[in-house]
Each structure stands twice: as C-alpha cells, then as structure tokens.
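Encoded as structure tokens, here's the structure I'll be asking about.
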Amino acid sequence: MTTNVTINSFDGGHTFEAYVARPADTPTAAIVVIQEIFGVNAGIRRKCDVLAEQGYLAVAPDLFHQFEPGIELDPDIEPEMNKALDYFGKLDQDHGVRDIEATIKHIRENEGCGKVGAVGYCLGGRLAYMTAARTDSDATVGYYAVGVDNLLGEKASIANPLMLHIPEEDGFVDKDTQKAMHEGLDDHPKVTLYDYPGLDHGFATQFGERRDEEGAQLADSRTDAFFKEHLG
C-alpha cells in the first residue's frame, strides 16, 4: 500500500510531504529512501515499493520542497538533467539532513518501527553519509555519493554501520576523490566501501539509460544483506 504523509520539520518551522510504501504485514523495520537530484520521481518511488515488498516500511521525503513541492525530473531528458543539476547547486544540504532526521523521528514516533535505516542515491548518497554522521539512523547505505571527500571530518561521528557503493568510472566522483574516500574511511570500524570497476554514476537507478543490470543487482544484493544484518 502506498500513500503520502505530511511530516513536521525537526524544528517545527515547516512541513513537507513524503511518499510511503507499506508492506503487507507488520514491517521488519523502516528505511528512509533519500532522493537523487531528480526529486521523488518514479524511480525513487519504485525503490520504496521494492523495499516494501521485502517487508520494510519505506519513506521518501521530498527534500526539494525547499524550492517547490512535488518536483519530478527525468535524467534521460537533457533539459531536466540541467534543471536537476541547478537544484543540486542551490539545495541547502544541512536543511535536507535535518528533514531526513525529522523523517526518522516521525517514523519512530508514529509507525512503531524498532529500527530505522536509510539509503540514498547520488545527492542522496552524500546525504546518506551526512545522515550516518549526524542522526541516529541504525544503518545507512549510499550509492555513488558525491563530494564525500569534503565530509571526511565528520567520520568520527559515524556510530552505526554505513555502506558506500563506489562506481570507479563515476563522471561526478573522480579517481582522486575515490582515493580520498578509501584513505579516510577504510580503517573506520563502522564503514564498508565497495568498488565497481567499469561502472558509472547512476548504475543502480531503477529505470532509465544509466542502469547497469549486473552491477545494480550486485550492489542491491549487498545492500539487502546489510539491512537484514543491521535492521532485522
């Protein structure tokens, strides 16, 4: 079952909408699904639906409400990709993480889930790292996170398990940045990094031209096992 809910911000200053996918039975746990730069579009909603099929309550907050509610863009359409990149540059990411924190709080208070994790893609991968460092998410996964090298100073605050999927041919995350991620995080007891040779940014997208089926299935199988271990 799917629906939309209204969530109060962490500081009570505003509200925002979130897409919710519910499993048929009592949820095993809850997972916050953190959007790419394309909003809570069909691909992100499908990510939620798949998690619900696996027994999780899945919630995708609309982080682009900072600009206007309900933005949905298609990465395979060039003008929409350009618009998405513009939103990425303008987004207040600290504000976004606080909205993720508010979503976690909403779930804990209203859904009766003992554990709450998070998974994010692209922009959402970066925000997933920030979520692991700044919130009480029980387990967090980031796919092709951008700009993590600039966030390594927060790694000491990561108290719960974090997994990052890194495509080696990522057009938005160069080899020096990937190297910095490994140098900064490989020895962190709570962080696991996986590299994907030959794959580019967006390889695990649910729909569209960027998807690499074999790579997506491998990364998703690792994510599934990770959540079963830490949220089960």
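What follows draws every value from the coordinates through simple rules; no lab data is involved. All figures in this text were calculated on a predicted structure; none of them were measured in a lab. Cβ atoms come from the backbone with ideal geometry, glycine included; neighbour counts cover every protein chain shown.
Suppose every K and R has +1 on its Cβ and every D and E has -1 on its Cβ; what is the size of the dipole of region 83-129 about the Cα centre, in Debye to the nearest 20?
Numbers: 7 positive and 7 negative charges, 24 e Å.
Dipole about the Cα centre, nearest 20: 120 debye.
In debye to the nearest 20, how big a dipole does region 75-232 give about its Cα centre with +1 on each Lys and Arg Cβ and -1 on each Asp and Glu Cβ?
With only Lys, Arg, Asp and Glu charged at Cβ, the dipole is about 620 debye.
Normalised by the number of residues in the chain, what is the relative contact order in percent for Cα pairs under 8 Å and 6+ residues apart?
With pairs under 8 Å counted, the relative contact order is 16 percent.
A follow-up question, please. Whole-Hz Karplus ³J(HN,Hα) for region 151-160, in order, using 6.51 cos²θ - 1.76 cosθ + 1.60 and θ = phi - 60°, x for Gly and Pro?
Calculated HN-Hα couplings, in order: 10, 5, x, 8, 5, 5, 8, 6, 9, 10 Hz.
Continuing with this model, one more query. In the neighborhood of H230, defined by Cβ-to-Cβ distances under 9 Å, what is the net charge if each Lys or Arg adds +1 and each Asp or Glu adds -1?
0
Given Cβ point charges of +1 (Lys, Arg) and -1 (Asp, Glu) and nothing else, what value in debye, to the nearest 20, does the dipole of region 28-104 about its Cα centre take?
Its charge dipole is roughly 240 debye.
Would you mind counting up the charge near E78? Only other residues with Cβ under 15 Å from its Cβ, with Lys and Arg at +1 and Asp and Glu at -1.
On the way: positive: K83, R210; negative: D74, D76, E80, D86, E209.
After counting each charged neighbour, the total is -3.
With helices defined as uninterrupted DSSP H runs, which ones in the chain have an alpha carbon span along their own long axis of at least 20 Å and mean Kyte-Doolittle hydropathy of at least -1.0? Working shown, then result.
Details: long enough: 93-110 (25 Å, -1.22); 213-231 (26 Å, -0.84).
For the chain, where a helix must reach 20 Å along its axis and average at least -1.0, the hits are 213-231.
At what distance in angstrom do the alpha carbon centres of region 160-232 and region 24-43 lie from each other?
18 Å
What does the charge add up to near D99, with Lys and Arg as +1, Asp and Glu as -1, over the other residues with Cβ less than 14 Å from its Cβ?
Numbers: positive: R98, K105, R134; negative: D11, E17, D62, D92, D94, E101.
Combined, the nearby Lys, Arg, Asp and Glu give -3.
With a ≥ b ≥ c taken as the square roots of the eigenvalues of the C-alpha gyration tensor of region 187-232, please select rounded if a/c is under 1.5 and otherwise prolate if a/b is larger than b/c or oblate if it is not? Spell out each step's value before the answer.
Working: a/c = 2.92, a/b = 1.59, b/c = 1.84.
Oblate, since a/c reaches 1.5 and b/c is not below a/b.
Is the shape of region 5-77 rounded, prolate or oblate, going by the alpha carbon gyration tensor and its root eigenvalues a ≥ b ≥ c, with a/c under 1.5 for rounded and a/b larger than b/c for prolate?
Taking the square roots of the gyration eigenvalues as a ≥ b ≥ c, region 5-77 is oblate.
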